[in-house]
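Structure first, commentary second.
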Amino acid sequence: MTAIARLFLHLLAFCTLGLTVACDRAPGPQPEAQGGPALWRVERGAFKGWLFGTIHVLPSGIAWDTPPIRNAMAQADRLILEAADLQDEEKTLGIFEDMGRSPALPPLEQRVPDKERAALLKAVRDGGTSTQLLSGYESWAAAMLLSAASQQALHVSQDDGVEPALIAAFKKAGKPIGGLETVERQFRAFDTLPEAAQARLLVQTVHEADGMKALYDRILTAWLKGDMAAIAKEDERGEQPDPVVEDAVLVARNRDWAKAIEPMRGQPFIAVGAGHLTGRDNLIDLLKDRGFTITRVQ
């Protein structure tokens, strides 16, 4: 899966940041659900929980909470998200600004090869932002902001995503909500990348800006069907992810999450981006390696 495709599925919902663009919330295309998003039963000893693959931003009106998902939520004793503090928009924005900005950075167009500058400028113009604004951010943060700008055409919102609905349901039921990591940890995965890797991520963001809507529509259709094979096939499309980025943003975090889940007991409903559940060192395989029995229930 391309670098940006994978970020779509398992990292932050960029619209929550409210950084350089306002996300258009008009209803988008709504593929018919066929079976519903993927849900697994996860068991080992005193642990009898669920693992749900989410998509962080959605068009309005998408019906994803099927009876098996609602039943699992009702039986669960708590909700575990990637980062429970992601819903605190002010905190998330503050961390992003603190980590993403640095003084005396070179202009954004100087951080990409000469042959990429025209495409960069076009992506910036099409997104309704400016290189002057983005130049104040480190390359990883500028890539995130440019991706957010490109998402305007998708007509999606984090407010319509899975996590807010899960949080509301578990709060209403009086059940606790936790996280596998913090927002700071998510951003740190990018902030600690070498500059060369950040620059490559920026270039890939530029390359994929024009195809963002087609990419999202494919992912949304596959997710609603619970078609994890189709999601995995995105690996074969476009540019291959930078291995340095993949290791830091995907693999290392999956391993940390498996370690966080291992000592858990009870019946948690664990909801993470679907992209964490396919590919190399995905969370399902890592949990199986630790002796968990994982059974697909939807």
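The numbers here are math on the coordinates, done by the rules we state, and not lab data. Since we're looking at a predicted model, the values are computed, not measured. Here the Cβ is made from the backbone with ideal geometry for all residues, glycine too, and neighbour counts use every protein chain on show.
Can you list which of the GluC sites (Glu not before Pro) found in the range 28-110 are DSSP loop residues with at most 13 other C-beta atoms within 10 Å?
Details: sites: Glu32, Glu43, Glu82, Glu89, Glu90, Glu97, Glu109; in loops: Glu32.
Filter output for the range 28-110: Glu32.
Determine the alpha carbon to alpha carbon distance for each of Lys172/Lys213; Lys48/Lys172; Lys48/Lys175; Lys91/Lys175; Lys48/Lys259; Lys122/Lys213 and list only those over 25 Å.
Working: Lys172/Lys213 34 Å; Lys48/Lys172 22 Å; Lys48/Lys175 16 Å; Lys91/Lys175 23 Å; Lys48/Lys259 16 Å; Lys122/Lys213 17 Å.
The answer is Lys172/Lys213.
Express in nm, to one decimal, how much length is gained between Ala119 and Ala196 on full extension, taking 0.36 nm for each residue of separation and deducting their alpha carbon distance. Let's see the in-between values first.
Values: separation 77, 0.36 × 77 = 27.72 nm, distance 1.86 nm.
Gain on stretching Ala119 to Ala196: 25.9 nm.
Can you tell me the length gained on complete extension of the stretch Ala63 to Glu90, counting 0.36 nm per residue apart and subtracting the Cα distance?
Values: separation 27, 0.36 × 27 = 9.72 nm, distance 2.85 nm.
Contour length minus Cα-Cα distance gives 6.9 nm.
Ala165 versus Arg41, label points 7 Å from Cα toward the beta carbon: distance in nm?
2.3 nm
Top mean-square fluctuation among Gly211, Gly127, Gly226, Gaussian network model of the chain, C-alpha springs under 10 Å?
Checking each option, the largest mean-square fluctuation is seen for Gly211.
Just rank Trp257, Trp140, fewest to most, by other beta-carbon atoms within 10 angstrom. Numbers along the way, then the final one.
Details: Trp257 21, Trp140 25.
The most exposed by this proxy come first: Trp257, Trp140.
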